[in-house]
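Input: one structure, supplied below.
The values are calculated or read from the model by the stated rules, or taken from the named source; none is laboratory data. Predicted model only: the values in this text are computed from it and were never measured. We place every Cβ from the backbone using ideal geometry, glycine too, and count neighbours over all the protein chains shown. Just so you know, the surface numbers come from the protein's heavy atoms only, side chains and all, with ligands and any DNA or RNA stripped out. Shrake-Rupley method; radii C 1.70, N 1.55, O 1.52, S 1.80 Å.
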Amino acid sequence: MMKHFLDIHTTSKDDLRSIIDQAHAMKSARKDRPKGAADDSQPLAGRMVALIFEKPSTRTRVSFDVGVRQMGGQTMVLSGSEMQLGHGETIADTARVLSRYVDLIMIRTFEEATLQEMAEYADVPVINGLTNRTHPCQIMADVMTFEEHRGPIAGKKTVWVGDGNNVCASVAHAAGQFGFDFTFTGPPQLDPEAEALDFARAQGVQVAIERDPVKAVQGADLVFADTWVSMHDPQSAKERRHNQLRGYQVNEELMSHAKPDSLFMHCLPAHREDEVTSAVMDGPHSVIWDEAENRLHAQKAVMRHCLGL
Ligand code: CP
């Protein structure tokens, strides 16, 4: 059976654990090496990876590209609008054709259905590099980052502050799979999708919605913020979003109600002084640069998992 990496809730707990363990091991094996140096092991030697972007990206694009090269493979970065995909060729036909050229496909796309169709018709593994619904690679890096700083994440309290968007849905999925508690705090219009919360609850972890951000973060081990206007949201929504979310800024005052050793994460890009202040981003709770770096290591492990290497 093809090993796609489409979502955290559709990947087994054992596979998720082994991906994170592999990511820690690969990171530690590269300690103090130049970024462009090859890994000792070259599991992707002779492999070609297609990286398709229908939306902008800095971290996903660069970390996948660098990761493939460190493991000895080659990449082809493709923009959806420049492919026939953006001019009427079906996803299914694109998947069939790409499968004749490349060994692995990573796609960042708008609709969940595009990802699913790519995976259904591709003869090679497909990785979700973000859709409007989820962002699993980001949250694999976040789990890795928490473990690096604080040890096991199971049983810890995590709190998402702001918009219950696609990244938030992947945190809820991870809560269920890795066994940590999850609280959402934000306005009711921006609640996370119910399916993601139901998934986490069904795994036996505590899931809560608390409108008061101060109450929400009490006892938190990990606080997340994200942009108030996601890539798939119309810019016309900006003013309304800011009005809805103004009371949900992560600042030093809010972080003072979390545990003293709590961590702060943001998948980036951030809008400083909107969803989070610079004092928090650059302050003692923040692990955002490690989080960004760990995209590289976590995704390398995801690619090895998909290719069985
Ligand atoms: N966090 C994240 O996915 O960043 P990019 O949009 O820059 O890839």
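Quick check on segment 160-254: what are the equivalent-ellipsoid semi-axes from the Cα gyration tensor, as sqrt(5λ), descending, whole Å? Don't jump to the answer; show the numbers that get you there.
On the way: eigenvalues 97, 52, 20 Å².
Three semi-axes, in Å: 22, 16, 10.
Shifting gears a bit: Given a cut-off of 22 Å, what percent of all Cα-Cα pairs of segment 197-307 lie beyond it?
Working: 2766 of 6105 pairs.
In whole percent, the long-distance tail amounts to 45.
Summarise the long-distance tail of P(r) for segment 117-181 by giving the % of C-alpha pairs beyond 15 Å.
Working: 1183 of 2080 pairs.
In whole percent, the long-distance tail amounts to 57.
Starting from the amide H of Ile127, placed 1.01 Å from N in the peptide plane, find each other amide H under 5 Å away whose residue is 5 or more places distant or on another chain.
It is Phe5, Ile105, Met106, Ile107, by chain and number.
Right, another one. Please list 3J(HN,Hα) in residue order for segment 110-123, calculated via the Karplus relation 6.51 cos²θ - 1.76 cosθ + 1.60 where θ = phi - 60°; whole Hz, with x for glycine and proline.
So the Karplus estimates, Gly and Pro as x, are 7, 8, 3, 4, 5, 4, 5, 5, 4, 5, 5, 9, 7, 9 Hz.
What relative contact order, as a whole-number percentage, does the chain give when Cα pairs under 8 Å and 6 or more residues apart are counted?
Working: 601 pairs, mean separation 61.5, N = 309.
Contact order relative to length: 20 percent.
What whole-number value in cubic angstrom gives the convex hull volume per residue for the C-alpha atoms of segment 182-229? Numbers along the way, then the final one.
Working: hull volume 4.1 nm³, N = 48.
Dividing the Cα hull volume of segment 182-229 by its residues yields 86 Å³.
Given Cβ point charges of +1 (Lys, Arg) and -1 (Asp, Glu) and nothing else, what value in debye, to the nearest 20, does the dipole of segment 72-116 about its Cα centre take? If you can, show how the numbers build up before the last one.
Details: 3 positive and 6 negative charges, 27 e Å.
The dipole of segment 72-116 has a size of about 140 debye.
Related question: Can you tell me, using C-alpha contacts under 8 Å and at least 6 residues apart, the relative contact order of segment 16-100 as a whole percent? Intermediate results must be reported in sequence, preceding the final value.
Working: 73 pairs, mean separation 24.4, N = 85.
That works out to 29 percent.
If you don't mind, there's one more thing I want to ask. Please report the orientation-averaged projected area of segment 7-95, defined via the convex hull of its C-alpha atoms, in nm².
Details: hull surface 30.0 nm².
One quarter of the hull surface, i.e. the mean projection, equals 7.5 nm².
Per residue of segment 220-227, what does 6.51 cos²θ - 1.76 cosθ + 1.60 with θ = phi - 60° give for ³J(HN,Hα)? Whole Hz please, x for Gly and Pro, Karplus curve as stated.
Rounded to whole hertz, the list is 6, 8, 8, 10, 10, 10, 8, 3.
What part of the accessible area of the chain, given as a whole %, is carbon or sulfur when the probe is 1.4 angstrom?
Details: 6360 of 12830 Å².
C and S atoms contribute 50 percent here.
Another question, then. Sorting check: for 207-220, 159-172, which peptide has the highest mean count of neighbouring beta carbons within 10 Å, and how do the rest follow?
On the way: 207-220: 17.0, 159-172: 26.4.
Ranked by mean Cβ neighbours within 10 Å, highest first: 159-172, 207-220.
Between Lys238 and Met1, with labels modelled 7 Å along Cα→Cβ, what's the label distance in nm to one decimal, could you check?
Placing both labels 7 Å along Cα→Cβ, they lie 4.5 nm apart.
Right, here's the next one. Between helix 136-150 and the chain, what is the angle of the helix's C-alpha long axis to the longest principal axis, kept within 0 to 90° and rounded to the nearest 10?
Once rounded, the angle reads 60 degrees.
Do the sum for the chain: with -39,500 (n - 2.57) for every DSSP H run of n ≥ 4, divided by all residues, what is the mean residue ellipticity at 222 nm, to the nearest 500 deg cm²/dmol? Let's see the in-between values first.
On the way: 12 runs with 128 residues, N = 309.
Computed mean residue ellipticity for the chain: -12500 deg cm²/dmol.
For segment 1-49, what is the convex hull (Cα atoms) projected area averaged across all directions, in square nanometres?
Values: hull surface 19.2 nm².
Over every viewing direction, the Cα hull of segment 1-49 projects on average to 4.8 nm².
Hey, can you find the accessible area per residue of segment 155-303 for me, probe 1.4 Å, expressed in square angstrom? The partial results should precede the final answer.
Values: 5590 Å² over 149 residues.
Roughly 37 Å² per residue, with all protein chains present.
So what are the radius of gyration and Dmax for the Cα set of segment 91-214, in Å?
Using the Cα atoms of segment 91-214, the pair Rg, Dmax is 16.5, 53 Å.
Quick one: if you stick a label point 7 Å off each Cα along the C-beta vector at Ser81 and Glu253, how many nm between them?
For the pair Ser81/Glu253, the computed spacing is 4.1 nm.
Any chance you could list the semi-axes, whole Å, largest first, of the equivalent ellipsoid that the Cα gyration tensor gives for segment 230-294, using √(5λ)? List each step's numbers first, then the result.
Working: eigenvalues 106, 49, 14 Å².
So the three semi-axes of segment 230-294 are 23, 16, 8 Å.
Roughly how far apart, in whole Å, are the Cα centres of segment 148-196 and segment 287-309?
Segment 148-196 and segment 287-309 have Cα centres spaced 20 Å from each other.
Next question, about the same structure. Show me 301-309, 132-140, 72-80 ranked by packing, highest mean number of other Cβ atoms within 10 Å first. Provide the component values of the computation, followed by the final result.
Numbers: 301-309: 19.8, 132-140: 25.6, 72-80: 16.9.
My ranking of the peptides, most packed first, is 132-140, 301-309, 72-80.
Which value results for Rg/Rh of segment 7-159 when Rg is the Cα radius of gyration and Rh the Kirkwood radius based on the inverse mean 1/r? It would help to have the intermediate numbers written out before the result.
On the way: Rg = 16.4 Å, Rh = 16.7 Å.
My calculation puts Rg/Rh at 0.98.
Work from the charge dipole of segment 51-110 (Cβ charges, +1 for Lys and Arg, -1 for Asp and Glu, about the Cα centre) and give the residue of Gln70, Thr109, Leu85 farthest towards its positive end.
Most positive-ward Cα: Gln70.
Nearest 0.05, what FRET efficiency do Gln218 and Asp32 give at R0 = 25 Å with Cβ-Cβ as r? Could the numbers behind the result be given before it?
Values: r = 40 Å, r/R0 = 1.58.
Efficiency at R0 = 25 Å is approximately 0.05.
Now, a different point. Just by accessible area at a 1.4 angstrom probe, what is the order of Tyr121, Tyr101, Tyr248 from largest to smallest?
Tyr101, Tyr121, Tyr248
Could you pull out every residue, at least 5 positions away or on a different chain, whose amide H is within less than 5 Å of the one on Ile209? Hs are placed 1.01 Å off N in the peptide plane, and Pro or chain starts have none.
Here Phe184 satisfy the definition.
Kindly provide the Kirkwood hydrodynamic radius of segment 76-121 in Å, to one decimal, from all pairs of distinct alpha carbon atoms. Please report the intermediate quantities before stating the final value.
On the way: mean 1/r = 0.0923 Å⁻¹.
For segment 76-121, the Kirkwood estimate is 10.8 Å.
How long, wide and thick is the chain, going by the Cα atoms along their three principal axes, in whole angstroms, largest first?
53, 44, 36
Work out from phi, with θ = phi - 60° and the Karplus expression 6.51 cos²θ - 1.76 cosθ + 1.60, the ³J(HN,Hα) of each residue of segment 16-28, listed in order in whole Hz, and give x for Gly and Pro.
Running phi through 6.51 cos²θ - 1.76 cosθ + 1.60 with θ = phi - 60° gives 4, 4, 5, 5, 5, 4, 4, 4, 4, 5, 5, 5, 5 Hz.
Right, here's the next one. Calculate the tail of P(r) for segment 100-147: the fraction of all Cα-Cα distances greater than 18 Å, expressed in %.
Numbers: 408 of 1128 pairs.
Percent of Cα pairs beyond 18 Å in segment 100-147: 36.
Students often forget the sequence filter, so: which lysines lie under 16 Å Cα-Cα from Lys259 once same-chain residues fewer than 8 apart are removed?
List returned: Lys156, Lys157, Lys215.
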